[in-house]
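I have placed the structure first, in the form of C-alpha coordinates, so that the comments after it can refer back to it.
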Amino acid sequence: MSLLGLPDGAGASPSVKLAATLTPERLGQGTTVGFAFAISAPSNRVLAPLVGVELSYPSNLGFALSGLGLETCQPATLAELGPKGCPPNSHMGFGSAVGQLAAEGTTVPEQAEVTIVRGPTREGHFALLFYVNGSEPVRAQLVFPGLLVPASPPFGGAVSLAVPLIPSWPEGPNVALVRLRSTLGPEHLTYYRDVKGKMLPYKPQGILLPRFCPRGGFGFAAVFAFADGSKARASAVVPCPRGAR
(Lines give C-alpha, C1' and ligand atoms only; values in the text may rest on other atoms or scores of the structure.)
Protein backbone atom coordinates (compact mmCIF):
# COMPACT_ATOMS: atom_id res chain seq x y z
CA MET A 1 0.00 0.00 0.00
CA SER A 2 1.45 3.34 -1.05
CA LEU A 3 0.13 6.81 -0.41
CA LEU A 4 1.76 8.01 -3.63
CA GLY A 5 -0.82 7.05 -6.20
CA LEU A 6 -0.85 9.89 -8.72
CA PRO A 7 -0.13 9.17 -12.40
CA ASP A 8 2.61 11.03 -14.19
CA GLY A 9 1.37 14.29 -15.66
CA ALA A 10 2.36 16.04 -18.84
CA GLY A 11 3.55 19.25 -17.19
CA ALA A 12 7.19 20.18 -16.75
CA SER A 13 8.58 18.53 -13.63
CA PRO A 14 10.26 20.47 -10.82
CA SER A 15 13.86 19.59 -9.98
CA VAL A 16 14.64 18.01 -6.60
CA LYS A 17 17.85 17.47 -4.65
CA LEU A 18 17.90 14.68 -2.06
CA ALA A 19 20.38 14.18 0.78
CA ALA A 20 20.70 11.43 3.40
CA THR A 21 22.85 10.86 6.50
CA LEU A 22 23.50 8.08 9.02
CA THR A 23 24.49 9.41 12.48
CA PRO A 24 26.59 7.76 13.78
CA GLU A 25 27.67 5.54 10.90
CA ARG A 26 29.00 2.59 12.88
CA LEU A 27 28.39 -0.77 11.28
CA GLY A 28 26.44 -3.24 13.40
CA GLN A 29 25.08 -0.51 15.69
CA GLY A 30 22.04 1.72 15.92
CA THR A 31 21.87 4.98 13.99
CA THR A 32 19.66 7.96 13.21
CA VAL A 33 18.64 8.28 9.56
CA GLY A 34 18.57 11.86 8.33
CA PHE A 35 16.97 12.94 5.08
CA ALA A 36 16.44 16.26 3.36
CA PHE A 37 15.11 17.50 0.05
CA ALA A 38 14.91 20.82 -1.77
CA ILE A 39 12.50 21.49 -4.65
CA SER A 40 12.93 24.06 -7.41
CA ALA A 41 10.20 25.13 -9.82
CA PRO A 42 10.53 24.62 -13.60
CA SER A 43 11.81 27.69 -15.43
CA ASN A 44 9.29 30.57 -15.56
CA ARG A 45 6.65 28.57 -13.71
CA VAL A 46 4.96 28.76 -10.31
CA LEU A 47 5.75 25.66 -8.25
CA ALA A 48 2.75 23.33 -7.92
CA PRO A 49 2.13 22.16 -4.32
CA LEU A 50 3.76 18.90 -3.28
CA VAL A 51 1.13 16.23 -2.51
CA GLY A 52 3.17 13.07 -1.94
CA VAL A 53 6.66 11.69 -1.28
CA GLU A 54 7.91 8.11 -1.33
CA LEU A 55 11.41 7.77 0.14
CA SER A 56 13.00 4.35 -0.41
CA TYR A 57 15.74 3.18 1.95
CA PRO A 58 18.40 0.42 1.76
CA SER A 59 17.37 -3.19 2.30
CA ASN A 60 19.87 -3.76 5.09
CA LEU A 61 18.62 -1.13 7.54
CA GLY A 62 17.03 -2.71 10.63
CA PHE A 63 13.90 -0.61 11.15
CA ALA A 64 12.16 -3.54 12.86
CA LEU A 65 14.89 -3.74 15.54
CA SER A 66 15.18 0.00 16.17
CA GLY A 67 13.29 0.13 19.48
CA LEU A 68 11.53 3.26 18.18
CA GLY A 69 7.81 3.97 18.35
CA LEU A 70 7.01 1.72 21.30
CA GLU A 71 3.76 3.62 21.83
CA THR A 72 1.33 5.26 19.44
CA CYS A 73 -0.40 8.63 19.26
CA GLN A 74 -3.87 9.17 17.80
CA PRO A 75 -4.03 11.65 14.88
CA ALA A 76 -6.84 13.59 16.62
CA THR A 77 -4.74 13.93 19.79
CA LEU A 78 -1.73 15.14 17.82
CA ALA A 79 -3.83 17.66 15.88
CA GLU A 80 -5.48 19.05 19.03
CA LEU A 81 -2.63 19.00 21.57
CA GLY A 82 0.50 18.84 19.44
CA PRO A 83 3.49 16.54 20.11
CA LYS A 84 3.38 17.27 23.86
CA GLY A 85 0.05 15.46 24.00
CA CYS A 86 1.64 12.24 22.67
CA PRO A 87 3.51 9.64 24.79
CA PRO A 88 7.28 10.28 24.85
CA ASN A 89 7.87 6.73 23.58
CA SER A 90 5.86 7.50 20.44
CA HIS A 91 8.27 10.22 19.25
CA MET A 92 10.54 9.12 16.41
CA GLY A 93 12.22 12.21 14.96
CA PHE A 94 12.41 15.95 14.46
CA GLY A 95 13.06 18.41 11.68
CA SER A 96 12.18 21.63 9.92
CA ALA A 97 10.37 22.63 6.75
CA VAL A 98 10.10 25.63 4.46
CA GLY A 99 7.05 26.43 2.38
CA GLN A 100 6.71 28.94 -0.43
CA LEU A 101 3.76 31.26 -0.84
CA ALA A 102 3.26 33.08 -4.15
CA ALA A 103 1.66 36.47 -3.47
CA GLU A 104 1.55 39.75 -5.41
CA GLY A 105 4.21 38.73 -7.91
CA THR A 106 6.72 37.54 -5.32
CA THR A 107 7.35 34.45 -3.18
CA VAL A 108 7.27 34.50 0.61
CA PRO A 109 8.93 31.72 2.69
CA GLU A 110 6.91 29.93 5.37
CA GLN A 111 8.96 28.47 8.24
CA ALA A 112 7.80 25.41 10.18
CA GLU A 113 9.00 22.87 12.75
CA VAL A 114 8.43 19.15 12.21
CA THR A 115 7.90 16.35 14.74
CA ILE A 116 7.44 12.70 13.77
CA VAL A 117 5.49 10.32 16.01
CA ARG A 118 4.21 6.79 15.55
CA GLY A 119 0.54 6.49 14.65
CA PRO A 120 -1.85 3.54 14.92
CA THR A 121 -1.03 0.65 12.56
CA ARG A 122 -2.90 0.95 9.25
CA GLU A 123 -3.78 -2.17 7.27
CA GLY A 124 -0.81 -3.98 8.79
CA HIS A 125 1.67 -1.19 8.05
CA PHE A 126 3.77 0.78 10.54
CA ALA A 127 2.27 4.29 10.52
CA LEU A 128 4.00 7.64 11.00
CA LEU A 129 2.45 11.04 11.70
CA PHE A 130 4.32 14.19 10.65
CA TYR A 131 3.25 17.20 12.71
CA VAL A 132 4.10 20.48 10.97
CA ASN A 133 3.87 23.64 13.05
CA GLY A 134 3.99 26.71 10.81
CA SER A 135 4.82 30.03 12.45
CA GLU A 136 5.02 32.85 9.91
CA PRO A 137 3.68 34.43 7.78
CA VAL A 138 0.85 31.83 8.04
CA ARG A 139 0.21 30.16 11.39
CA ALA A 140 -0.91 26.58 10.74
CA GLN A 141 -0.65 23.20 12.44
CA LEU A 142 -1.03 20.22 10.13
CA VAL A 143 -0.73 16.45 10.44
CA PHE A 144 0.62 14.49 7.45
CA PRO A 145 -0.02 10.71 7.44
CA GLY A 146 2.79 8.36 6.45
CA LEU A 147 3.40 4.61 6.19
CA LEU A 148 6.36 2.26 6.06
CA VAL A 149 5.63 0.24 2.90
CA PRO A 150 7.45 -2.43 0.85
CA ALA A 151 9.75 -1.32 -1.96
CA SER A 152 11.23 -3.07 -4.97
CA PRO A 153 14.88 -4.27 -4.81
CA PRO A 154 17.49 -3.04 -4.20
CA PHE A 155 15.51 -1.18 -1.52
CA GLY A 156 14.15 -2.72 1.65
CA GLY A 157 11.18 -0.43 2.14
CA ALA A 158 9.92 3.11 1.79
CA VAL A 159 8.42 5.93 3.81
CA SER A 160 5.28 6.94 1.90
CA LEU A 161 4.00 10.37 2.90
CA ALA A 162 0.77 12.07 1.80
CA VAL A 163 1.06 15.88 1.94
CA PRO A 164 -2.28 17.72 2.23
CA LEU A 165 -2.77 21.05 0.50
CA ILE A 166 -1.68 23.81 2.87
CA PRO A 167 -4.07 26.81 2.79
CA SER A 168 -2.78 30.35 3.25
CA TRP A 169 -5.93 32.48 3.69
CA PRO A 170 -9.53 32.21 2.40
CA GLU A 171 -9.46 32.05 -1.42
CA GLY A 172 -5.68 32.57 -1.32
CA PRO A 173 -3.05 30.33 -2.94
CA ASN A 174 -1.84 27.14 -1.28
CA VAL A 175 1.57 27.01 0.33
CA ALA A 176 4.02 24.83 -1.63
CA LEU A 177 6.42 22.76 0.49
CA VAL A 178 9.90 23.37 -0.99
CA ARG A 179 12.33 22.10 1.66
CA LEU A 180 12.19 19.47 4.38
CA ARG A 181 14.90 18.26 6.71
CA SER A 182 14.14 15.56 9.25
CA THR A 183 15.45 12.57 11.19
CA LEU A 184 14.22 9.12 12.17
CA GLY A 185 16.16 7.78 15.12
CA PRO A 186 17.28 8.26 18.71
CA GLU A 187 19.11 11.57 18.19
CA HIS A 188 17.53 14.12 20.58
CA LEU A 189 15.01 11.52 21.82
CA THR A 190 14.43 10.40 25.42
CA TYR A 191 12.33 7.33 26.17
CA TYR A 192 11.17 5.99 29.53
CA ARG A 193 10.92 2.46 30.96
CA ASP A 194 9.20 1.27 34.11
CA VAL A 195 11.77 -0.20 36.52
CA LYS A 196 10.18 -1.32 39.80
CA GLY A 197 7.56 1.39 39.62
CA LYS A 198 9.95 4.17 38.61
CA MET A 199 10.02 5.67 35.13
CA LEU A 200 13.70 5.83 34.17
CA PRO A 201 14.93 7.68 31.06
CA TYR A 202 16.94 5.95 28.36
CA LYS A 203 17.87 6.40 24.69
CA PRO A 204 16.47 3.84 22.20
CA GLN A 205 18.94 1.83 20.15
CA GLY A 206 18.06 3.32 16.79
CA ILE A 207 17.88 1.89 13.28
CA LEU A 208 20.34 -1.00 13.11
CA LEU A 209 23.09 -0.85 10.50
CA PRO A 210 24.39 -4.10 9.00
CA ARG A 211 27.77 -5.49 10.02
CA PHE A 212 29.06 -5.04 6.47
CA CYS A 213 28.64 -2.05 4.18
CA PRO A 214 26.97 -2.74 0.80
CA ARG A 215 29.06 -2.19 -2.32
CA GLY A 216 28.75 1.45 -3.33
CA GLY A 217 27.36 2.58 0.04
CA PHE A 218 23.83 3.02 1.37
CA GLY A 219 21.53 4.14 -1.43
CA PHE A 220 18.32 6.14 -1.04
CA ALA A 221 15.81 7.23 -3.70
CA ALA A 222 12.64 9.31 -3.67
CA VAL A 223 9.66 10.07 -5.91
CA PHE A 224 7.82 13.37 -5.49
CA ALA A 225 4.26 13.94 -6.74
CA PHE A 226 2.75 17.39 -7.32
CA ALA A 227 -0.79 18.73 -7.50
CA ASP A 228 -0.57 19.33 -11.28
CA GLY A 229 0.14 15.63 -11.90
CA SER A 230 3.88 16.02 -12.49
CA LYS A 231 6.48 13.91 -10.72
CA ALA A 232 10.17 14.25 -9.95
CA ARG A 233 12.80 11.75 -8.82
CA ALA A 234 16.03 12.08 -6.87
CA SER A 235 18.60 9.82 -5.24
CA ALA A 236 21.37 10.02 -2.65
CA VAL A 237 24.12 7.74 -1.34
CA VAL A 238 25.73 7.61 2.10
CA PRO A 239 29.30 6.36 1.49
CA CYS A 240 30.65 3.42 3.48
CA PRO A 241 32.71 4.34 6.57
CA ARG A 242 36.41 4.58 5.84
CA GLY A 243 38.04 1.16 6.00
CA ALA A 244 34.68 -0.68 6.12
CA ARG A 245 33.92 -3.75 4.02
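The values are calculated or read from the model by the stated rules, or taken from the named source; none is laboratory data. The model shown is predicted, which means the values in this text are computed figures rather than measured ones. Backbone-built Cβ (ideal geometry, glycine too); neighbour counts: all protein chains shown.
Worth a mention:
- Residue match in the stretch 118-125 (condition: surrounded by 18 or more Cβ atoms within 10 Å (Cβ to Cβ) and at pLDDT 95 or above): yes
- Once the stretch 104-117 is narrowed to residues that are surrounded by fewer than 18 Cβ atoms within 10 Å (Cβ to Cβ) and touching a strand residue (DSSP E or B) at 6+ places or on another chain (Cβ under 9 Å), the residue that is modelled with the highest pLDDT is 113.
- Applying the condition of being within 18 Å of the chain's Cα centre (by Cα) and in a loop (DSSP other than H, G, I, E, B) to the stretch 55-65 and asking which residue is surrounded by the most Cβ atoms within 10 Å (Cβ to Cβ) yields 61.
- So residue 28, is it surrounded by fewer than 16 Cβ atoms within 10 Å (Cβ to Cβ), in a loop (DSSP other than H, G, I, E, B) and not basic (Lys, Arg): yes
- Identity of the residue in the stretch 81-98, within 16 Å of the chain's Cα centre (by Cα) and outside any strand (DSSP E or B), that ends up farthest from residue 190 (Cα to Cα): 83
- In the set 78, 68, 101, only one residue is in contact with a Leu (Cβ under 7 Å, 6 or more places away or on another chain) and either surrounded by 18 or more Cβ atoms within 10 Å (Cβ to Cβ) or assigned to a loop (DSSP other than H, G, I, E, B) (or both); that residue is 78.
- Qualifying residue in the stretch 179-191 (condition: over 20 Å from the mean Cα position of the chain (by Cα) and surrounded by fewer than 17 Cβ atoms within 10 Å (Cβ to Cβ)): no
- Here the strands (runs of 3 or more DSSP E) wholly within the stretch 171-211 that include at least 1 residues being under 30 Å from residue 14 (Cβ atoms) and at pLDDT below 95 are 176-184.
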